[in-house]
Each structure stands twice: as C-alpha cells, then as structure tokens.
C-alpha cells in the first residue's frame, strides 16, 4: 500500500513508530520465523535424499505432471487472494466474498491433490516407517499441507465474518493479513516443489 | 509473593481489581511480569533442589544416595529447568515489567498474546515437571522424568534407548515452552519497534530495551529450529518415523546440528537480558552515564548476528573435519570480541564514578567478574585441540555455570534488587541483601571453581559416581559445601522479600536517582503507566530533566527538577482519566490449556488430541471475536 492512510483503514489505525500496523508487523515477523521452520525441514529432506537404504524412492513415485497441475492451482489462488483484498479495499463486499470463496476452493483443491498423492504413495508401500524418503517427505509436505489447511480456515472465517456483518470495509487489514499468510504458504510451496520434486529425484 | 505484591499494587490503587480471578484474566504487562517472576522463582527452587540432590550424590566417592538411573533423570531436569523454566522466564518477567515503562508505552503491542505467552509457559513447565510422577512410586525413588540430558541427543532419546514416557514429556513440554517464547518474541519485537514514545528513537532507547529487541529476534529465528528438531523426535517416537534411526540411514548428527543451531543463539537469549540490566544499573550507582552507549548497543547487535555462526563448537569431537572445526574455532574466538567490548565499557563506566556499593551494584560487580571468568574459560573451549581435552568433562560444567549462574543469574538478582521498589513500593533490606550477595558469591565460587580443577583432572560430567583413589574427593566435597552455601543465600533472599514486603514505609517514585523513564512515574505504577505519554529528547531523558551540567561536566540539579517531575498519582482509575486500557480476557488462558491436553493425548490416548485442539480453537475464536478494549 503506497498511500499512507487508505480510506479503508481510516479511524482504526494507531500511530506507530514504523508506520506499519502492529498486526502487520507481527505477521511479517511470524513469516520470517516460519522461514526457519520450513528451512530446517527442507534441509533435512535434502540431507536425506540419497541416504535411503530401501525403496520405494522418489523417482519411483513422483508424478510430476499431476503435481504441476496442483501447484498451478495453488499459485492461481494467490491471484484470487489479491482480488479479494482489492475488493474489500474498494468496499465491494460481494466481490470480496466471491474471491475469498474462490481462494478457499483452490486451496481445498490443492489439499485434495495432496491427499490423493499421499494415498497413492501409501498404497505403493511408502510409509513414515518405510525409509528416510517416506519420513522426510511426508513430514515436510504434511506440515506445508497443514499450513494450507490453516489458511483455508482463516479464509472461511473471514468469509463467515463478512456474511455476519462482522467484517466491514474498515477491516481490510484482516484480509490483508490473511493474504500475507496465504502468499507466504504459496511461495514456500514453490521452493518445496522445486527442491523436492523438480531437482532430479533420487 | 504473588499475593503480597498484589496487595501492594492494590493498596496503592494501581489495579482496579484483586483476587485470584483478576490474575487469571489479567492482560496488564506489570501483573504478567509478576506472574512470570513468581512462577520462574518457584521453578528455580525446584531446579535448586535438584542441584542439591546431584551434589549430595557426588559429595563422596561411590555414594549410593541416588541410583544412576535416578541421577540421570535429576540432572536432565535440573538443566532443562534452569534454562527453560528459570533464566528465560525470569528475563521475560523483566521484559514485561520494564519494556513498556522504559519506552513510554501504556502496555505491550498485544496484551492478550502476552497473557497467552505466560499461561502457555506455565502449562509447559507444569507438564515437564509432571513427568516425575509417571515412573511409579516417586517416594521410592522411581522417577519417570526424562533422562536424556538437557540437549537430549537423538538417537539416545529414541524409545529403544530411553523407554517410558519421560522423553515424551520433555519433547512436548519444550515444544509448548517454545510456543510461549515465540509469542513473547513477536510481542516484544513489535512493542519495541512500534510503541516508543515520541522522540524515543532507537538510539535513545535504554540498553536493556535494546538487548530485549536483539533477544526477541534471536527467539523469533531460533525457536522454529528447535521446534523442527522436537517435531522430528516426536514423529520418531510417536509414529515410528526414521529421522534419527541409524538403521534406516538416519544421521545422529542431524539432531546435534539442529539443536545447537538453536542452542547457541539460546545461550545469548539467556545472557543478553542480564547484560542489558547491568548496563542500566551500573550508571545509576556510579553516577555516570554508560560509557560508549553506541558501542554497547552495537556489540549486543553484533553478538546477535554472530551467535548464528558458532554452533559447531559444541561438536568439535564428532568428526566434522579440520576445515569445519577451524572455521567454527575462528568465529568462536571472534564472538568474544563484542563481549569483551561490553566488559571494557562497563569498567570504563565505573572509572572515576562516585560509586555506592549497595546490593544491586554488588550483584553487577559480581556479574562482571564472574562472567569474565566464564567468558575466558569459553575462549579456551574455542581452541579445537584444547577442547578435545575438555569435551564432556567438569571443566565444561564449570564454564557454563560460570556464565549462566555467575553471569545471567547474578544479573537477574541485580535487577530484582534494583527494580523491586518500583513494583512493590518497598525497598529490599540492604543488610540482608549484602548477606545474600556475599553468601552467594562465596558459595558460587566454592561450587564451580573446584569443578574447573576436577575437569582438568579428567573427571567426566554426567557420571553418577566416581572411584575413591582418583584424588577427586576433596574438590567434590568443596563443591557440595558450596552448593549448600548458595541454597542458604537463597533462603536469606526469600526472608528478605518477606520482611521487606511487610514493612510499612514506602519509597517514592525515584529512590535511586534513576536515569530512565520508569522512575518518572509512581511506585508501584498505576495500571495506565503514564498519565501523559512523555516526550523524549535524549538517552537517559529522565536524568537530563533532573540535572544540568556545569562547566566541568558535573551534574547540577535543575531547580524544580527531581521529585517535582514525577507524575502525581491521585488514585483515579484509567477510566476516570479517559485513558483506554485493554480489557481483561480469559480466552488466552482457555487457549493455553488446550496445548497440554494435546500433548497428553499424543502420549496416552490420541482422541484426547481432538479435545485439546477443540479447547485451543474455542480459546482462539473467543479471543479473535471479543473486543480488544472497552
């Protein structure tokens, strides 16, 4: 937001030293912290990718076209998230609800893809106990999926609040914070997809 | 202590309510600070009793007071308690009490998140200690506590090497404590970056606030790393994953890297707040400004950055190779430089000052001397070949007690004696304070200097007993006597707190002729802190309102300065003054209760996890949808 006092937040902001709302600064710090969280899990995955003593291995299981499609779905949800924020900033609550719902549905589609992938891998004999790949893959992508699920809960809570009139155009910051979180989860997926799926699997 | 402090706050009209309920729902940073202080002191007594048990066992060779299994559990809980349940939360007590007052704010940025931090901390601490009762009959010495040491090296903490539920309480307890620390780190970083009074630029902040800011960032970046390590251990133990299973190719070094990548910043998380406090207390009793304020600040910041590049000095002997060992040896030597800069700045602050040697000052001087010894022994560990000899000996034990007890705890006691009158309106007794200090200093040196000698003689740490003819008897007996001397000094301190709180006479707002903003408001402070938010013009602003300088640079009292500048408290509440304060809330407590239920569910009965998650969600939803202020 380049303009300092947007009409949407007028009257609700408390003056701060940095000019950033406390809640927005909190969200940025949380995301910074979460980088280290995913960073540690990704580092573990990279450390273990060629240390398996038995299969099935990544190269036996990955279906890159399928995961590319679900990654594309997740990336598109960032677009609808931006449209949701733009809608509440111009006080168009109907458009806000449409885009919030669309974002949630895209997120749920991604989660469904992940559930399908997990089931498929599981049935092919890959479990947490089976090998290091199973351990590090399920836990890393599982935590990412949990982040997406929390994001969907946040989006649906915003949707619900707007239906009940608890979310007004004055509260665009709430949508903006949800959006920051959502985009972050997307970006983390780009890193995971690149490092875990696209670099030639072992 | 909680009740009498509550009484003190109440008597002065500082809080509108009293009674247990008002403490359960409070979001006032000063009350949360008191809660942190009292609970961490309670855990300090538990950790201290554990230390005494260890010392009784080691007092004489081939002693049978504790069997080796119980000994392992006791020293694990002693270390875990002192790090996570004493020094960290006692520092949190001071952030809560002081940071908003020092930056001229009415509360922290997120008062309910602050209450949540405290309740989560308490839940984690109680869960961790509940592990004692899981091993059978505790009165027969059948402890169920964790036995993996405070850094819990996997795979030794896997089920096959450590059965029972002890490690599970430990890993889930620490995970919960991590949530509390993270929430606190976010809260204080935002508070300090965003809530400063007009004119309080970053370079006008008290050093304690600066150190809190650096420490908050260390928490923000270090806690997720330990969270990952603990999650990995949890998946291994609870769901048979393979992160640390060597048979599946899992690496035992993974835990060590993750733990120490957290663990070394953690060391500075423990010491930076104490350094900040000493930097506040010394100038007051030397009646001089802190020497080289920017140097002290930037060396603290430098320590914050460099603490991320030294972790493998805990791992010299695991075989990382000469290149890695040399690199970490160099960074470790380098991190001693900003620490040394601080010590010289403190000494220069004392130089030529008119020093009063009362209790807070004595603890500061104890801090500087003991911490210097601790720091220098640390430098000896940074030398790789020398460390090969010291690894896993009592020399290491002596070193880290020298920095964490001789450093952090002496600093914390300096803070307690210095700020006690601000929050209770009563001074601690000076004579008892001196007795406390000298007993503690003598006891401390009697305990830990012999350990240096024992370590150099080759006594390994973490052994439950030792043979008779190794020449270790005398030094061990000395250390045990020292430990009981420390315990005696703590009894003197507790006695001091009790008699001082019962005294009738009250102190004014500014008993020490202080330099920072908290001394410009009544003792104890009203719930809204500042009736009018101050405007700040320099470092030590309150001092400069009281004193001008003559031609020789000596302080000259400003007419109508001093007491006249202190805000007057006529007992009117925030509401009557038209000041908006955050509303009380029980939702942080509800949400916090959910976490230990989830943990118990993971250990015993999975469906309980959903109950805990539901409690957590109800707490969070209630919290989000209730109005934040009246």
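The values are calculated or read from the model by the stated rules, or taken from the named source; none is laboratory data. These figures come from a predicted structure and were not determined experimentally. Cβ: placed from backbone, ideal geometry, glycine included. Neighbour counts: every protein chain shown.
What to note about this one:
- Filtered residues of the range B:572-628 (kept if within 14 Å of another protein chain (Cβ to nearest Cβ), closer than 21 Å to residue B:105 by Cβ and in contact with a helix residue (DSSP H, G or I) (Cβ under 6 Å, 6 or more places away or on another chain)): B:581, B:582
- Matching residues in the range B:240-260 - criterion: being in a helix (DSSP H, G or I), facing chain A (nearest Cβ under 8 Å) and modelled with pLDDT of 95 or more: B:254, B:258
- Evaluation of residue A:56 against the conditions (1) part of a helix (DSSP H, G or I); (2) in contact with a helix residue (DSSP H, G or I) (Cβ under 8 Å, 6 or more places away or on another chain); (3) more than 8 Å from chain B (Cβ to nearest Cβ) shows that the sole unmet condition is (1).
- Within the range B:184-195, the residues that satisfy the criterion of being in a helix (DSSP H, G or I) and within 10 Å of another protein chain (Cβ to nearest Cβ) are B:185, B:186, B:187, B:189, B:190, B:191, B:192, B:193, B:194.
- Members of the range B:359-387 that are surrounded by fewer than 19 Cβ atoms within 10 Å (Cβ to Cβ) and touching a helix residue (DSSP H, G or I) at 6+ places or on another chain (Cβ under 6 Å): B:379, B:380, B:384, B:386
- Selected residue [in the same structural domain as residue B:542 (by TED's automatic domain parsing), over 30 Å from residue A:131 (Cα atoms), in contact (Cβ under 8 Å) with a residue 40 or more places away in the chain and more than 20 Å from the chain's Cα centre (by Cα)] from B:246, B:294, B:252, B:273: B:294
- Take the conditions (1) under 30 Å from residue B:122 (Cα atoms); (2) in the same structural domain as residue B:432 (by TED's automatic domain parsing); (3) crowded, with 20+ Cβ neighbours inside 10 Å; (4) touching a helix residue (DSSP H, G or I) at 6+ places or on another chain (Cβ under 7 Å); residue B:526 misses just one of them, which is (4).
- Of all residues making up the range B:104-120, the number that are out of contact with any strand residue (DSSP E or B) (no Cβ under 8 Å at 6 or more places or on another chain), part of a helix (DSSP H, G or I) and buried (at least 24 other Cβ atoms within 10 Å of the Cβ): 6
- Taken over the range B:206-226, the criterion of being without any contact (Cβ under 8 Å) to a residue 40 or more places away in the chain, closer than 15 Å to residue B:188 by Cα and facing another protein chain (nearest Cβ under 8 Å) is satisfied by B:220 alone.
- Checked against (1) at the interface with chain A (Cβ under 9 Å from one of its Cβ atoms); (2) surrounded by 24 or more Cβ atoms within 10 Å (Cβ to Cβ); (3) farther than 23 Å from residue B:302 by Cβ, residue B:180 passes all but condition (1).
- Checklist (1) under 21 Å from residue A:83 (Cα atoms); (2) under 17 Å from the mean Cα position of the chain (by Cα); (3) crowded, with 20+ Cβ neighbours inside 10 Å applied to residue A:196, failing item: (1)
- Some residue of the range B:141-162 being in the same structural domain as residue B:35 (by TED's automatic domain parsing), assigned to a helix (DSSP H, G or I) and out of contact with any helix residue (DSSP H, G or I) (no Cβ under 9 Å at 6 or more places or on another chain): no
- Residue check, residue A:47 within 14 Å of chain B (Cβ to nearest Cβ), touching a helix residue (DSSP H, G or I) at 6+ places or on another chain (Cβ under 8 Å), surrounded by 15 or more Cβ atoms within 10 Å (Cβ to Cβ) and in a helix (DSSP H, G or I): yes
- Taking (1) within 26 Å of residue B:541 (Cβ to Cβ); (2) in contact with a helix residue (DSSP H, G or I) (Cβ under 6 Å, 6 or more places away or on another chain); (3) surrounded by fewer than 20 Cβ atoms within 10 Å (Cβ to Cβ) in turn, residue B:209 satisfies each apart from (3).
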